[in-house]
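Here the structure is laid out as structure tokens; the discussion comes afterwards.
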Amino acid sequence: MATTVGNETDIKSLVKDLIYLEHDAIAAYESTIDKLGETRLSAQVSEFRNDHLQHMDVLREMAAELGIEAPAQGDAKQYLTTGKIALADLMGDKQILQAMKTNEDDTVTAYERASQHPDAVPKSKSFFEKALADERRHREWMSSTAASL
């Protein structure tokens, strides 16, 4: 399912939706770590989860600066992101990573849009661009690693 995150008309809504997205991503990463059969794969995915935790910290700071309440958990999309992982688990590590790659497609799209948002000030734009680079790196690893399994 394609994300709509990044299409918000104001920065407050954008930050709030990015926090939801990060909650969903973290849940999917935790599910993936639990389900992967190879320790080396789980270790790398755990490092990527740490990137998402760092993104969450920055987004919470942004929310506080904007005077909005940061969501404490993901939204209904979390069931989609983690559900894909649960289904893929029936077929093995390659399919789990392919499912995670589709989740990363959404985070890449969201941060691409966020980095171009008209309300993004230089500080937030810089963070969005860093997060985008992280997401592209995650997606590339998921894709190339799944292809090699």
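The values are calculated or read from the model by the stated rules, or taken from the named source; none is laboratory data. Note that the structure is a prediction, hence the values are computed from the model and not measured. Methodologically, a virtual Cβ is constructed for each residue, glycine included, from the backbone with ideal geometry; neighbour enumeration extends over all protein chains shown.
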On the basis of being under 15 Å from Lys123 (Cβ atoms) and within 12 Å of the chain's Cα centre (by Cα), does His55 make the cut?
yes
Pick from the stretch 94-146 the residues that are touching a residue at least 12 places away in the same chain (Cβ under 8 Å) and acidic (Asp, Glu): which of them is farthest from Thr4 (Cα to Cα)?
Asp134
Residue match in the stretch 64-85 (condition: at pLDDT 95 or above, buried (at least 20 other Cβ atoms within 10 Å of the Cβ) and among the hydrophobic types (A, V, I, L, M, F, W, C))
no
Would the stretch 1-9 turn up any residue that is without any contact (Cβ under 8 Å) to a residue 40 or more places away in the chain and in a helix (DSSP H, G or I)?
no
Residue list for the stretch 3-58, restricted to those being more than 15 Å from Glu135 (Cβ to Cβ) and of a type in the set (Gly, Ala, Ser)
Ser13, Ala27, Ser31, Gly37, Ser42, Ala43, Ser46
Return only the number of the condition from (1) of a type in the set (Asp, Glu); (2) closer than 17 Å to Ile33 by Cβ; (3) modelled with pLDDT of 95 or more that Asp93 does not satisfy.
(3)
